[in-house]
């Protein structure tokens, strides 16, 4: 029953701290602040909860990112994971979801080799708050050739061979059984993340974090970074600003209501 | 990475979603988007349906613009299982070699696109809000697909190109493209694809579906949404929000603050950790408009803000701002709407 779990997390710019540099057309470095992608907190928490529900395995955190991304791995330690791994190499820069999911799959294989264990479950978040694609989880499952389910809102049951999960659909809930090893992408509804403990914070401070480059994970150079990416960003722009609108006045609440309804009618929204 | 012969790939595919015996209307939006591209490239427009009992839908999608319909119809494909659908789709792609695949940016479409892209060793981009084929005059080779999508919570619009692998895979945000018009005189070819999922080594088993108990409209496909936020002050506030939603035939949305307070289930949450919507009308009741919420609804066509605080961000960006106590304003508005209906 114990599960060895890898949770994939990413350090991303905080939503709202990102803008375009009008000179270069690139993302402006000014005012940008980084943190763990907000969705990833739920993935991390689920990894910790599953370890508590089915003790005996290890819950590990894995990220790919710049040197500064080490911060989120320390945060994962503070919350209670048993080990962290940092895929960090300039050769990874510019990876799209195709290359990223490949690199993560190689990282997971390397963790198995390094720790002499089999990973039973990989947990990703539904998406990140920067790319917003939600493609890396399913793509990673394809590289690993594991079954996967996205939009998971509950892990109901875990046996030696499978997991029973609930998937949030637009019209209700699908219940699926998925054989181990498997990958799930989780939504916010799945849990409420804990805060790091004091003891955890101490451990996080002291931890030495392994950093693996492309050759450590035996990555095929043709599949990583810009060279390995298939989708390129041709152009970035700021979305058109919304023009400030009309204030609906009116002496009484009834008058305001009438103007509101008239406006909707004018715009053919009724 | 690419050592593919890209020129061998031709045809535009729109992948539809059939769930519980219903064809999701997103296919008609995708047929608009894909139809433009097929016309610009002079290529065939096809629809792919995966599921069970698909026959009834062929006529509809042909009338809506498909030249060809691929049916992957099998009793064991009735429910969406990532592995099974990805296998069915990628086998057909490998056999037919289309230029591009368009799927809805729904739970199913987004799950399927991510897995299928890696299986096909091709690139995918999610949640497009704009799409065109380059004319050859703006620095891109003629016929290059220019796919635009919001990222960083809607703060940046990125235009993506894939010149390196085929088929290109894209998911398209619902409610962005208009539905393609029907023409009952249109004809098309139906291709029945035989599959044997028993031989696929599937490791996922569908167990059950639990329908949503209410008959509420889902925010993902709603063209009008009425949302409640912290300003409601209490769970009962959603009864007031619902009354306005009902009068407008709108879905009910919520801010994270309202969801985290336990006033309404998570599936109603709009914003960065919730869902992204783009309705024609978004009415924000007591939603102050934090960046995280705006990321999920900032592209709505018309935004109405009802709030006591005229200085909050939502009031500043709304198309119409109404400074009022929502518990006074909403009943008055509902009354006025009922007058309009009778």
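From the list B:202, B:146, the one residue that fits, being under 29 Å from residue A:223 (Cα atoms), within 10 Å of another protein chain (Cβ to nearest Cβ) and part of a loop (DSSP other than H, G, I, E, B), is B:202. Residue-level check: of (1) crowded, with 24+ Cβ neighbours inside 10 Å; (2) assigned to a strand (DSSP E or B), residue B:209 misses just (1). Only residues that are crowded, with 19+ Cβ neighbours inside 10 Å, at the interface with another protein chain (Cβ under 8 Å from one of its Cβ atoms) and modelled with pLDDT under 95 were counted across the range B:287-316, and they come to 4.
Those helices (runs of 4 or more DSSP H) of the range A:160-269 in which 1 or more residues are at pLDDT 95 or above and facing chain B (nearest Cβ under 7 Å) occupy A:225-228, A:253-266. Report, by residue number, each residue of the range B:252-278 that is in a loop (DSSP other than H, G, I, E, B), under 27 Å from residue A:13 (Cβ atoms), in contact with a strand residue (DSSP E or B) (Cβ under 9 Å, 6 or more places away or on another chain) and more than 10 Å from chain A (Cβ to nearest Cβ). Listed by number, the residues that qualify are B:255, B:277. Of the helices (runs of 4 or more DSSP H) lying entirely inside the range A:34-133, the ones with 1 or more residues being more than 18 Å from the chain's Cα centre (by Cα) and under 28 Å from residue A:160 (Cα atoms) are found at A:40-53, A:97-115. Among the residues making up the range B:135-156, those that are touching a helix residue (DSSP H, G or I) at 6+ places or on another chain (Cβ under 9 Å) and at pLDDT 95 or above are B:143, B:145.
Checking B:217, B:225 one by one, the residue that is on the phi < 0 side of the Ramachandran plot and either buried (at least 19 other Cβ atoms within 10 Å of the Cβ) or facing chain A (nearest Cβ under 9 Å) (or both) is B:225 and no other.
Checking each residue in the range B:325-342 for being touching a strand residue (DSSP E or B) at 6+ places or on another chain (Cβ under 6 Å) and either within 8 Å of chain A (Cβ to nearest Cβ) or surrounded by fewer than 17 Cβ atoms within 10 Å (Cβ to Cβ) (or both) picks out only B:329.
Scanning the range B:33-47 turns up no residue that is within 14 Å of chain A (Cβ to nearest Cβ) and either touching a residue at least 12 places away in the same chain (Cβ under 8 Å) or more than 22 Å from residue B:175 (Cβ to Cβ) (or both). Residue count for the range B:153-171 under the criterion of being in contact (Cβ under 8 Å) with a residue 60 or more places away in the chain and at the interface with chain A (Cβ under 7 Å from one of its Cβ atoms): the result is 5. Among the residues of the range A:15-35, those identified as touching a strand residue (DSSP E or B) at 6+ places or on another chain (Cβ under 8 Å) and without any contact (Cβ under 8 Å) to a residue 40 or more places away in the chain are A:21, A:28, A:32, A:33, A:34, A:35. Here B:199, B:185 are screened, and the one residue that is within 25 Å of residue B:63 (Cβ to Cβ), without any contact (Cβ under 8 Å) to a residue 12 or more places away in the chain and out of contact with any strand residue (DSSP E or B) (no Cβ under 7 Å at 6 or more places or on another chain) is B:185. Taking residues in the range B:102-115 that are at the interface with another protein chain (Cβ under 8 Å from one of its Cβ atoms), and partners anywhere that are in a helix (DSSP H, G or I) and at pLDDT below 95, the pairs with Cβ atoms closer than 8 Å and at least 6 places apart or on different chains are B:106/B:220.
Evaluation of residue A:15 against the conditions (1) more than 9 Å from chain B (Cβ to nearest Cβ); (2) part of a loop (DSSP other than H, G, I, E, B); (3) crowded, with 20+ Cβ neighbours inside 10 Å shows that the sole unmet condition is (1). Right, residue B:284: at pLDDT 95 or above and more than 9 Å from every other protein chain (Cβ to nearest Cβ) or not? Yes, satisfied.
Residue-by-condition table, conditions (1) more than 14 Å from residue B:147 (Cα to Cα); (2) at pLDDT below 95:
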position: B:158; (1), (2): no, yes
position: B:168; (1), (2): no, no
position: B:172; (1), (2): no, no
position: B:176; (1), (2): no, yes
position: B:184; (1), (2): yes, no
position: B:189; (1), (2): yes, no
position: B:192; (1), (2): yes, no
position: B:206; (1), (2): yes, no
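Looking only at residues in the range A:126-140 that are under 24 Å from residue A:57 (Cα atoms) and in contact with a helix residue (DSSP H, G or I) (Cβ under 6 Å, 6 or more places away or on another chain), which one is farthest from the other protein chains (Cβ to nearest Cβ)? For the range A:126-140, the residue satisfying everything is A:140.
The values are calculated or read from the model by the stated rules, or taken from the named source; none is laboratory data. No experiment lies behind these values; they were computed from the predicted model shown. Note that we place each Cβ from the backbone using ideal geometry, even for glycine, and neighbour counts take in every protein chain shown.
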